[in-house]
Amino acid sequence: MTAQVQAAPLESSGAHWLPVRPRLVLASAFMLFLELALIRWTGSNIVHLSYFTNFVLLGSFLGIGLGFLRVGRSSRQPWYSPVVLAALVLVVLLFPVTVDRDTEGVLYWTSLSTSGPPAWLILPVIFAAAALVLMGPAELVGRCFPELGRLEAYRYDLIGSLTGIAVFTGLSFLSAPPVVWGVVAAVCYLVLLVPRPRAAYAVFAVLPALAAVGLLAAETVTAGALWSPYYKVTYKSFEQLGVPVTDISVNGIPHQQAVPAAARLKWERQYALPYERAAAPPREVLIVGAGSGTDVAIALAKGAEHVDAVEIDPKLRALGGELHPDRPYADPRVTAHITDGRAFLERTDKRYDLILFALPDSLTLVSGASSLRLESYLFTEEAMRAARAHLKPGGAFSMYNYYRESWLVDRLASTVQSAFGHKPCVDVVSRAGQQAVITAGDTPQAQRCEGEWAGAAAGTPAPAADDRPFLYLKDRTVPPIYLITLGLILAVSLLAVRVVAGPYRRMRPYADLFLLGVAFLLLETKSVTGFALLFGTTWVVNAIVFAGVLVAVLAAVEVTRRFRTPPLPVMYGVLFGGLLLAWLVPNAWLLSLPLPLRAVAAVVVAFLPIFAANVVFAKRFADSADATTSFGANLLGAMVGGCLEYLALVIGYQALLVVAALLYLGAFALMPRRGALT
C-alpha cells in the first residue's frame, strides 16, 4: 500500500507541499471540525435532526471509515467532498424543515406538524451527504498513515482531533455564524486538496467551497439569526391586541414569547396557578427555564422579593434583557444564572418558597448522546427529590407546559407524588394540547388544590429515573422509526463498504478492532451522559468531556509508545476491572460528593476504562499489517456502536457497560494469538 501511495501522480498526498506531520494534524482537525459543523448546522435547519443528531454522526463515522478503506485504491484527490458539501448546503437551504406556527406543546419523537420534505426523504439525503463529505478529509488523513509509524500517525491524528474540537468550541463561544465555519472549511480544502501552490486544478477545491461559503453568507444575511451554542435563534417583534410581543423560534421551531406579565396572566391562566396553589406567598423564587424573562416578570408581579432565574442558553437570556417589555432582567431583585437547571439544583445550598420549572422544553439533544435532551435530567424522580430538598418549610414546587398527551401529565404527576410523598395539585387548564400545571407543597398543608387529583390512569409508565431519563418514551422499547432507520443505515453501510473497499475479507483479520470500536463508542456515550448528569448538559461540559476522552486516548498512545506496557491479556484485565468499577459506583453517590471531589471521582471512574481500552487498541493497532484497513475497521465499529446506543432506551445507560464488556470479551476472543503476549 505504501508503494502505491508514493508512486501516485503529483496530485496525490505523496507530492504534497505540506510535510506529512502538519498535514496529518490539519486534515484530522478539519475532519472533526467538519463533523461538528455538519451536526450543528443541519440540525438547525432540518427539525427532524434536532432529535436525530446521532443520524449525522453515524453518517460521519461511515464516511470516515470508508475514507480510510479507500486509501490505496485511488490516487486522485477527493474533489467530491467540497462538491457534495456545496450541494448539501444548497439542498438544505432550499428545502428546510420547520415546525408549523400553530403547533403547540412539547415536541418529541418527531411527533409534530412540519413544512418541507418528509423525514423519509430528507434524512437519507442528509445521511448519504454527510458520509460523502467526511469521506474526503478521512481519505486525506488515511494517506498520511503509511508514511509514519502506526502509533506516531495515531498520535498526530489525536492532536488534530483535539485541535478541531478547540476551534469549533472557540467559535461557539464567540457565537460565530455558519459562514465563518464555511470559511474555515474552504481554507482547509484549499490547503489539503492542492498538493502544489498555484496548481492549475485548485479551482476544483476553491469553487465548490466558495459556493458553500456564499450560500452560508446569504443565510446569515437573510435569516437575521443569532447563533447560540445550542440553537439558531430567530425572532420577530409585533403588537397583539395593542400589547408588544416578541416571538422567538429556535432551529425553526416556535419556542417562546416575550410578553408583558400583565398580558400573559390575562391571556393564559396557567401562569398564575403556581402562585394560587402555593399556601404561602412566595418571596424567594427559583425559575428553571427562565428564557426571555416572562416567567421572571410574573414572579416579580406576584410579589417575589428575589428571583434566581436559571437559563441554559445565553442568547435567549440576552434577548430577554434587550427585548422584553417589562425588562425583568434589569430588576435588582433578579439574579440570572446561565447553566443547566439540574446542575444548579445540585450545586446551590439556597432554599426557596417556590421552585418553578417554566416550560423547560429544550427542543434539542445533547451532542453525542442519541436520545438525551438538554432537559432530560430535570424530569426524573431524583430531580424532583432534589427540588423538594431546596424548598423552605411551607414551600412549593410547580411545573407547567403543553404536554399534548394525558399519560404524560399523569407520569409527571406520579413522579412528583413519588418524590414528595403525597398527591400534587393537577390543573389541566386546556384539554387541547393537555395544557397542565402540577404543583406540590413540601407537605400537603403547603398546597391548596381546587380538587384532589384522581391519580394516574392505568397503563401510565413509571417515573423516569436518572439511568433512563426518557420522559417522553411511553414504553420500554426502541421506537419503530428508530429501528427502521437504523436497519436501513446498517444495510446501506454494508453495501457502501463492499463498493468502496472491496471484499469484506480485507477486514476479516481486524474483527477484534471492529469490536473495540463498537464497545468504545458505548463507553464514550456512557461518559457523556454521566458527566451531563453530574455537571450539567451545557455545551461547555460536553466539549470538555469530548476533549477529555481524546486526552485519555492520547495518553494511552503516548504510554504505549514510550514505555513497555503489560501484555494484552493483562491490559484486558485492567479494562474489565475499570468497567466493573464504573458499574459498582452509583451516580447517586457521586452526586452526593462536594463538587471538587465529585470531579476527581468522576474522572477516575469514567476515564480508567477508556484509558485501558485505548492501551489495548494502541498495542493491537501497532501490530497490524495494514494501518488504514485496520483503522477503518475500528471506525466502522464506532458507527455500529452509535446504532447500539439506542439500547439505552430499553436497558438504561448503566447497562451499556455490560454490553460494552461483552463486546470487549468478544474482541479478546478474536485477538490474534501471536500478539497476545506482547
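Key figures
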| read-out | value |
| --- | --- |
| Per-region count, region 163-185, residues more than 18 Å from the chain's Cα centre (by Cα) and either open to solvent by 20 Å² or more (accessible area, probe 1.4 Å) or of a type in the set (A, V, I, L, M, F, W, C) (or both) | 10 |
| Extreme residue, modelled with the lowest pLDDT, among residues of region 483-506 that are buried (at least 20 other Cβ atoms within 10 Å of the Cβ) and closer than 30 Å to L657 by Cβ | T485 |
| Residue satisfying all of: in region 374-399; within 25 Å of the chain's Cα centre (by Cα) and of a type in the set (S, T, Y); modelled with the highest pLDDT among these | T380 |
| In region 541-594, the residues that are polar (S, T, N, Q), over 30 Å from A153 (Cβ atoms) and in a helix (DSSP H, G or I) | N587 |
| Condition met for S367 (at pLDDT below 90 and outside any helix (DSSP H, G or I)) | yes |
| Members of region 323-349 that are in a loop (DSSP other than H, G, I, E, B) and under 30 Å from the mean Cα position of the chain (by Cα) | H324, T339, D340, T348, D349 |
| Scan of region 501-547 for residues that are under 23 Å from Y377 (Cα atoms) and either in contact with a His (Cβ under 8 Å, 6 or more places away or on another chain) or of a type in the set (G, A, S) (or both), ordered by number | S527, G530, A532, G536, A543, A547 |
| L516 within 26 Å of T339 (Cβ to Cβ), in contact (Cβ under 8 Å) with a residue 12 or more places away in the chain, buried (at least 18 other Cβ atoms within 10 Å of the Cβ) and more than 15 Å from the chain's Cα centre (by Cα) | no |
| Top-ranked residue in region 554-574 [being buried (at least 18 other Cβ atoms within 10 Å of the Cβ) and under 26 Å from the mean Cα position of the chain (by Cα); ranked as nearest to V605 (Cα to Cα)] | A556 |
| Residue that is surrounded by the most Cβ atoms within 10 Å (Cβ to Cβ) [pool: residues in region 150-162 that are out of contact with any Leu (no Cβ under 6 Å at 6 or more places or on another chain) and hydrophobic (A, V, I, L, M, F, W, C)] | A153 |
| Selection from region 217-255 of residues that are among the hydrophobic types (A, V, I, L, M, F, W, C) and not in a strand (DSSP E or B) | A217, A218, V221, A223, A225, L241 |
| Residue list for region 266-289, filter: open to solvent by 10 Å² or more (accessible area, probe 1.4 Å) and over 22 Å from G451 (Cα atoms) | K266, W267, R283, E284, G289 |
| Residue in region 142-153 that is at pLDDT 90 or above, farther than 24 Å from F520 by Cα and among the aliphatic types (A, V, I, L, M) present | yes |
| Filter pass, L515 being over 27 Å from A130 (Cα atoms) and assigned to a helix (DSSP H, G or I) | no |
| Residue under evaluation S292, criteria (1) under 27 Å from L345 (Cα atoms); (2) open to solvent by 50 Å² or more (accessible area, probe 1.4 Å); (3) of a type in the set (S, T, N, Q), criterion not met | (2) |
| Yes/no for L123 being touching a residue at least 24 places away in the same chain (Cβ under 8 Å) and closer than 20 Å to V56 by Cα | yes |
| Test: residue in region 220-229 that is open to solvent by less than 40 Å² (accessible area, probe 1.4 Å), within 30 Å of R317 (Cα to Cα), among the β-branched types (V, I, T) and touching a residue at least 24 places away in the same chain (Cβ under 8 Å) | no |
| Those residues of region 576-631 which are hydrophobic (A, V, I, L, M, F, W, C), over 17 Å from G548 (Cβ atoms) and open to solvent by 40 Å² or more (accessible area, probe 1.4 Å), in sequence order | F576, L580, L581, W583, L584, A588, W589, L597, A622, A625 |
| Pairs with Cβ under 8 Å, 6+ apart, first in region 342-359 and acidic (D, E) and surrounded by fewer than 24 Cβ atoms within 10 Å (Cβ to Cβ), second assigned to a helix (DSSP H, G or I) and modelled with pLDDT of 95 or more | E346/A386 |
| Candidates G641, G666, G637, G652 - the one that is in contact (Cβ under 8 Å) with a residue 40 or more places away in the chain, in contact with a strand residue (DSSP E or B) (Cβ under 9 Å, 6 or more places away or on another chain) and not polar (S, T, N, Q) | G652 |
| Any hit, region 614-628, residues being assigned to a helix (DSSP H, G or I), within 25 Å of the chain's Cα centre (by Cα) and on the phi < 0 side of the Ramachandran plot | yes |
| Test result for T460, in contact (Cβ under 8 Å) with a residue 40 or more places away in the chain, among the hydroxyl-bearing types (S, T, Y), outside any helix (DSSP H, G or I) and open to solvent by 50 Å² or more (accessible area, probe 1.4 Å) | no |
| Region 370-425 - residue that is under 25 Å from V650 (Cβ atoms), assigned to a helix (DSSP H, G or I) and basic (K, R) and, of those, most open to solvent (accessible area, probe 1.4 Å) | R385 |
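The values are calculated or read from the model by the stated rules, or taken from the named source; none is laboratory data. None of these values were measured; they are calculated from a predicted model. Every residue, glycine as well, gets a Cβ built from its backbone with ideal geometry; the counts of neighbours run over all protein chains shown. SASA here: full protein model, heavy atoms, side chains in, ligands and nucleic acids out. Shrake-Rupley method; radii C 1.70, N 1.55, O 1.52, S 1.80 Å.
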